[in-house]
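Asks: Please find one structure pasted underneath; my questions will follow.
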RNA sequence: UGGGGUAUCGCCAAGCGGUAAGGCAUUGGUUUUUGGUAUCAACAUUCGGGGGUUCGAAUCCCUCUACCCCAUCCA
């Protein structure tokens, strides 16, 4: 288990530590209504990864509660994806549909508790009754049906006695809840539609909000991890479990940000649009971010897992740069796959002074920085092909390849130089006549010629023609909206590329075509007669980049924000104004503090009571407005461990310089957590402030000696380190040293 | 507009009162028979803005701003 943990793993870790759960159980719960994409991979990696890290289990559950959209082919695709990524789910694949009976019983339970009712409003009426985000909704007149009537209706709904939409089962919660999701959520709807697994048994199907939490509960899930858009649903999740009074341990829901990648789309709807509109070949089109697509393109599971790990898990909506994914696959393949030579745009080279008919050159499959062995035989003869890009008659500055003036090495073979350029009638170079240096053979070079680069080549007779499918980003737009943003050049088919025999004859599936990129034997269309390779990703190319237009640097993002009025404050009522003025005049409290106290009755009365105990308005006001207010955000005043007296005491000790304000905060936190009186805590833990320089000085000297280097840096201008020294001293004294004195002494000593 | 979230480098992302981690990208140097890899170095005096508290604030408090989610009988 790595030391660095995302926030979810921290939550899990804490739950494990506190003994909340005997075992960690997570689940990956897709709806089988589409093909999984790399966003699912993030979720898979997370859920299965957490289970693995904590020695728990992870289930694979098909959330199949909507019979009209789901299909078994998606179930297979989902299983494949999990397997391919290298994970094993615990037990069999689960289906929410397996729990339909249980779920139905719970629904009846809710009715009996008068916490659910059958509503018979129309769809439009329901929407209307729900209200809006700013106005409360109102309850349906059907909400008062008797338990028996509800039970009977539900039974008949289940048996298919009604048409779709005629009735609906709703939870009875709160039609004026600020959380729209809690306005009597729908929990069962009529769907006279057969289910791909349950067949025609049911005419009603549970809704997500009812089914999901209970399915988690049935499976003994401890941590139900989902994406951010379900944050609002968490209240129902808890409501259902609480209301049914299910026994502990019970699952809790946690949310993280879903994955977005630039230049592509991740939503089911948009992906479907691409496939159905024939903008791509199918769900496994190598340009798609689907697992099937990535897989067909040649991505390895390891690279995707590494990618998922590199992007982290957090709650901020974000868009990951596609370059990060490309890095992951390059990084993985670099150490794994053999190098091979391929000429994408062949240019014939005749070696005029080559005497023999053919020779075989043995060449390593891996560069020396890849710790793998293996070699293949490279035929060489008078007639070879090089890439058109590797020859130039008018080379740009810094061009390392073959020119009429500049020799080049044929990788693993000889150095050649251009003797004659043959052009066709339109002036295009169609052939090069070259000379080679017989004594320049790779590994036994005695020619003494220095070349700037070594290029790939293939021998004319033995090389094999192949088709290359080269993919570019699917969209030309970083944040694509729709079809109009598609990159029409996202697929480029190169026919007539020439490739060395080894690539065809070996069993390897992935190769690096040297100086070109990583390629994958097209898993479906490849035949030995017609070899086809998918380009997985290109190599980094700092030469090609030079010609590219520099990415327009965005204008400085620090757009000036409207400067808000300093110390802006809430509108005060007349009564509050009086208090406000009084606080400022009588107690010498600053505007902001006064405003906070004046606008909050609880804080104000807290303040007044505390000041009665100890007449130190400013100190107390600060503590009340900062620390007390913080606690009261979480807990109400009646359920909290402290009283105004606590604060008064603390303020007194601070005023008397018995403790520092830092320690006061610390003590306050202890009181909040465990209760007790401040004085006892200070006494018990020996937190009294040390203000005696003679006591502090040796410690400072010690720390400076231990950190000579940093002291030096400080003296030569790195003033940031001041805080470091203060921190060290305070740490050494357990926070007890009087920081003011420490400040003075450290300044003096340094 | 009510509620729920989120803001730290071009892109991800650590950080939880004491020196602003790391990765990707970018820019230079070294090595290199891949313009690849590896390696070294540079890249946030500042954490959305403004205030307050503190010896000290990305971290605590107040306030403003921007963006995302919620009014499917989808999940």
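The values are calculated or read from the model by the stated rules, or taken from the named source; none is laboratory data. Small disclaimer: the values here were computed from a predicted structure and weren't measured. Note that each Cβ is placed from the backbone with ideal geometry, even for glycine, and that neighbours are counted across all protein chains shown.
Asks: Scan region A:589-602 and tell me whether some residue there is under 19 Å from residue A:661 (Cα atoms) and in contact (Cβ under 8 Å) with a residue 40 or more places away in the chain.
Replies: The answer is no; no qualifying residue exists.
Asks: Could you tell me which residue of region A:20-49 is nearest to residue A:307 (Cα to Cα), considering only residues that are assigned to a loop (DSSP other than H, G, I, E, B) and more than 12 Å from RNA strand B (Cβ to nearest atom)?
Replies: If we take residues in region A:20-49 being assigned to a loop (DSSP other than H, G, I, E, B) and more than 12 Å from RNA strand B (Cβ to nearest atom), then A:36 is nearest to residue A:307 (Cα to Cα).
Asks: Which residues, counting only those in region A:156-181, are surrounded by fewer than 20 Cβ atoms within 10 Å (Cβ to Cβ), under 36 Å from the mean Cα position of the chain (by Cα) and not in a loop (DSSP other than H, G, I, E, B)?
Replies: A:180, A:181 - these are the residues of region A:156-181 that are surrounded by fewer than 20 Cβ atoms within 10 Å (Cβ to Cβ), under 36 Å from the mean Cα position of the chain (by Cα) and not in a loop (DSSP other than H, G, I, E, B).
Asks: Take residue A:368 and tell me if it is within 8 Å of RNA strand B (Cβ to nearest atom), part of a loop (DSSP other than H, G, I, E, B) and either surrounded by 15 or more Cβ atoms within 10 Å (Cβ to Cβ) or within 34 Å of the chain's Cα centre (by Cα) (or both).
Replies: So residue A:368 does not fit the description; no.
Asks: Based on what the data block shows, is residue A:484 closer than 30 Å to residue A:290 by Cα, surrounded by fewer than 15 Cβ atoms within 10 Å (Cβ to Cβ) and more than 41 Å from the chain's Cα centre (by Cα)?
Replies: It is false that residue A:484 is closer than 30 Å to residue A:290 by Cα, surrounded by fewer than 15 Cβ atoms within 10 Å (Cβ to Cβ) and more than 41 Å from the chain's Cα centre (by Cα).
Asks: Output the residues belonging to region A:390-415 that are touching a residue at least 24 places away in the same chain (Cβ under 8 Å), within 9 Å of RNA strand B (Cβ to nearest atom) and under 30 Å from residue A:501 (Cβ atoms).
Replies: Correct list: A:390, A:400, A:401, A:409, A:410, A:411, A:412, A:413, A:414, A:415.
Asks: Tell me, which residue of region A:705-723 that is near RNA strand B (Cβ under 7 Å from one of its atoms) and crowded, with 17+ Cβ neighbours inside 10 Å is farthest from residue A:745 (Cα to Cα)?
Replies: So the residue we want is A:710.
Asks: Here is a follow-up. Going by what's in this entry, would residue A:153 be described as in contact (Cβ under 8 Å) with a residue 60 or more places away in the chain, touching a strand residue (DSSP E or B) at 6+ places or on another chain (Cβ under 6 Å) and not in a loop (DSSP other than H, G, I, E, B)?
Replies: no
Let's see how each residue does on (1) surrounded by fewer than 19 Cβ atoms within 10 Å (Cβ to Cβ); (2) more than 12 Å from RNA strand B (Cβ to nearest atom):
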| position | (1), (2) |
| --- | --- |
| A:198 | yes, yes |
| A:203 | no, no |
| A:207 | no, no |
| A:210 | no, no |
| A:215 | no, no |
| A:222 | no, yes |
| A:231 | yes, no |
| A:257 | yes, no |
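Asks: Sticking with this one: Specify which of the listed residues (A:103, A:121) is touching a strand residue (DSSP E or B) at 6+ places or on another chain (Cβ under 9 Å), part of a helix (DSSP H, G or I), within 15 Å of RNA strand B (Cβ to nearest atom) and over 30 Å from residue A:309 (Cβ atoms).
Replies: A:103
Asks: Restricting to region A:417-455, count the residues that are in contact with a helix residue (DSSP H, G or I) (Cβ under 8 Å, 6 or more places away or on another chain) and in contact (Cβ under 8 Å) with a residue 60 or more places away in the chain.
Replies: 2
Asks: Looking at region A:1-19, which of the residues that are within 12 Å of RNA strand B (Cβ to nearest atom) and at pLDDT below 95 is surrounded by the most Cβ atoms within 10 Å (Cβ to Cβ)?
Replies: A:5
Asks: Scan region A:146-176 for residues that are farther than 15 Å from residue A:110 by Cβ and near RNA strand B (Cβ under 8 Å from one of its atoms) and jot them down.
Replies: Passing the criteria: A:164, A:165, A:166, A:167.
Asks: Name the residues in region A:724-750 that are under 21 Å from residue A:709 (Cβ atoms), more than 9 Å from RNA strand B (Cβ to nearest atom) and surrounded by fewer than 19 Cβ atoms within 10 Å (Cβ to Cβ), would you?
Replies: Across region A:724-750, the qualifying residues are A:732, A:747, A:748, A:749, A:750.
Asks: Does residue A:57 satisfy being within 12 Å of RNA strand B (Cβ to nearest atom), crowded, with 16+ Cβ neighbours inside 10 Å and in contact (Cβ under 8 Å) with a residue 24 or more places away in the chain?
Replies: Judged against the criteria, residue A:57 is not a match.
Asks: Restricting to region A:671-687, count the residues that are closer than 12 Å to residue A:650 by Cα and either in contact with a strand residue (DSSP E or B) (Cβ under 6 Å, 6 or more places away or on another chain) or surrounded by 14 or more Cβ atoms within 10 Å (Cβ to Cβ) (or both).
Replies: Number of matching residues: 6.
Asks: Would you confirm, using the coordinates I've provided, whether residue A:190 is within 9 Å of RNA strand B (Cβ to nearest atom), buried (at least 17 other Cβ atoms within 10 Å of the Cβ) and within 26 Å of the chain's Cα centre (by Cα)?
Replies: Criteria not met by residue A:190.
Asks: From A:642, A:668, grab the single residue that is within 44 Å of the chain's Cα centre (by Cα), in contact (Cβ under 8 Å) with a residue 40 or more places away in the chain and surrounded by 18 or more Cβ atoms within 10 Å (Cβ to Cβ).
Replies: A:668
Asks: Which condition breaks for residue A:325 when tested against (1) within 9 Å of RNA strand B (Cβ to nearest atom); (2) out of contact with any strand residue (DSSP E or B) (no Cβ under 7 Å at 6 or more places or on another chain); (3) in a helix (DSSP H, G or I)?
Replies: Residue A:325 satisfies all of (1) within 9 Å of RNA strand B (Cβ to nearest atom); (2) out of contact with any strand residue (DSSP E or B) (no Cβ under 7 Å at 6 or more places or on another chain); (3) in a helix (DSSP H, G or I) except (2).
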